[in-house]
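Bear in mind these aren't lab numbers, they're just calculated from the coordinates by the rules spelled out. It should be emphasised that the depicted structure is a prediction, and the values quoted were computed from it without experimental measurement. Neighbour counts run over all protein chains shown; Cβ positions are idealised from the backbone, glycine included.
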């Protein structure tokens, strides 16, 4: 693999993508993207929670080449723990 060092300073859009990817790799970031997807694309309708989760996992897989969680139940548990820790 050939790695080309980018020229500095980064343009603003590149910096935003790097910041997004770093945040998305965290539990808090994944939960935030899930919540945004569920609200904006599915109007927070309970029956579409699974679809919002799968859409978030698809984005994660596209960016990082793997799923973040094994299944939605594992994610829901992580999400619940995240909310308990941040209250």
| note | Across the stretch 41-61, the tally of residues that are without any contact (Cβ under 8 Å) to a residue 12 or more places away in the chain and closer than 20 Å to residue 21 by Cβ stands at 2
| task | Quick one: in the stretch 62-75, of everything that is assigned to a helix (DSSP H, G or I) and either over 18 Å from residue 19 (Cβ atoms) or in contact (Cβ under 8 Å) with a residue 60 or more places away in the chain (or both), which residue is nearest to the chain's Cα centre (by Cα)? | result | 75
| message | Being in a helix (DSSP H, G or I) and either touching a helix residue (DSSP H, G or I) at 6+ places or on another chain (Cβ under 7 Å) or on the phi > 0 side of the Ramachandran plot (or both) is the filter here; which residues of the stretch 42-58 pass it? | response | 42, 48, 49, 50, 51, 52, 53, 55, 56
| query | Could we say that residue 29 is within 16 Å of residue 77 (Cβ to Cβ) and surrounded by 12 or more Cβ atoms within 10 Å (Cβ to Cβ) here? | reply | no
